[in-house]
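Trainee: Got a structure for you, written out below as structure tokens; questions coming shortly.
The values are calculated or read from the model by the stated rules, or taken from the named source; none is laboratory data. Not measured: the values here are computed from a predicted model. FYI the Cβ positions are ideal-geometry reconstructions off the backbone, even for glycines, and counts take in every protein chain you see. Accessible surface areas use protein heavy atoms only, side chains included; no ligands, DNA or RNA. Shrake-Rupley method; radii C 1.70, N 1.55, O 1.52, S 1.80 Å.
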Amino acid sequence: MNTEHLKKIAAEKATEEVRDGTVVGLGTGSTVYYALLKLGTMVRDGLNIIGIPTSDGTEKIAIEQGIPLSTLASHPVIELTIDGADEVDAHLNLIKGGGAALVREKIIANASKRILIVVDESKVSRVLGTSFALPVEIVRFGWEATQREVNNICGKSDLRGGIENPLITDNGNYILDCHFDGIPEPEKIELQLNNVPGVVENGIFVNRADKVIIGTPTGIQYME
Ligand code: 5RP
């Protein structure tokens, strides 16, 4: 069974929890993509929801799918958010930001009553930061100085895209991918990184997910 199928079954399972008449946070990434397609079908079949997208990319897909959209300003409370993750540990802590949307994803997560994370089984990890570099969004001004400070915490980081062609996020910032040798205390590192001047936000999500829906070759598994 290929990974795309595992992503699809997890994402579609999450859409079963979307209730009529609710505000839904729409995450970012190739797994959430399948949830957006399914929600589009459900909307065309009469489901009434308002989506709040976590990235320009998701906004575009949602519009193509005919999912009505709004903003946090108009809808400050989100009933349910469906989002992906790059790494998930047994305590439902996450690394996110592989799709460069971590700032908006964390803002939306903070406004959400309930968060479902959809992943394929390759994302499950014993210790965060062992299989995926932690994305940290930083402002462009003085980014080299910010990177030096961040490296004091993680050891080594790469500017995403490289110096010649750095990736620019939807918020106009850079991303550092930080190579930890494991993050056994994610809560501490999340705060430490966000304390560095120039850091906008990092991809550690602690105590935010309510349920992780995992696509595996033998079906769906849950962590909650
Ligand atoms: C985007 C994210 C994504 O949810 C995460 O990178 C997972 O993406 P995918 O489902 O494509 O593996 O955090 O910022």
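Trainee: Out of the residues in segment 121-135 that are open to solvent by less than 10 Å² (accessible area, probe 1.4 Å) and under 14 Å from the mean Cα position of the chain (by Cα), state the one that is nearest to the ligand (Cβ to nearest atom). Please lay out each step first, then the result.
Mentor: Filtering segment 121-135 down to residues open to solvent by less than 10 Å² (accessible area, probe 1.4 Å) leaves 128-129, 134-135.
If we keep only those that are under 14 Å from the mean Cα position of the chain (by Cα) too, we end up with 134-135.
Numbers: LEU134: 11, PRO135: 7 Å.
Among them, the one singled out is PRO135.
Trainee: Can you tell me which residue in segment 174-192 is surrounded by the fewest Cβ atoms within 10 Å (Cβ to Cβ), limited to those that are touching a residue at least 40 places away in the same chain (Cβ under 8 Å) and under 16 Å from VAL103 (Cβ atoms)?
Mentor: ASP177
Trainee: Which residues, taken from segment 85-98, are within 16 Å of the ligand (Cβ to nearest atom) and in contact with a Pro (Cβ under 9 Å, 6 or more places away or on another chain)?
Mentor: Start the filter on segment 85-98 by keeping residues that are within 16 Å of the ligand (Cβ to nearest atom), which leaves 85-89, 92-98.
Result: ASP86, ASP89, ASN93, LEU94, ILE95, LYS96, GLY97, GLY98.
Trainee: If you scan segment 193-224, which residues turn out to be surrounded by fewer than 21 Cβ atoms within 10 Å (Cβ to Cβ) and of a type in the set (Asp, Glu)?
Mentor: ASP210, GLU224
Trainee: Please pick out the residue among ILE138, ILE153, ILE168, ILE108 that is open to solvent by 20 Å² or more (accessible area, probe 1.4 Å) and within 16 Å of the ligand (Cβ to nearest atom).
Mentor: ILE168
Trainee: Sticking with this structure for a sec: Any chance you could count how many residues in segment 12-32 are more than 15 Å from GLU59 (Cα to Cα) and small (Gly, Ala, Ser)?
Mentor: Summing the residues that are more than 15 Å from GLU59 (Cα to Cα) and small (Gly, Ala, Ser) in segment 12-32 gives 2.
Trainee: Within segment 146-156, is there a residue that is at pLDDT 95 or above and in contact with a Gly (Cβ under 7 Å, 6 or more places away or on another chain)?
Mentor: Yes, that holds for at least one residue.
Trainee: Mind checking which residues of segment 156-165 are open to solvent by 30 Å² or more (accessible area, probe 1.4 Å), in contact with a Leu (Cβ under 9 Å, 6 or more places away or on another chain) and free of Cβ contacts under 8 Å to residues at least 60 places away in the same chain?
Mentor: Hits for segment 156-165 are ASP158, GLY161.
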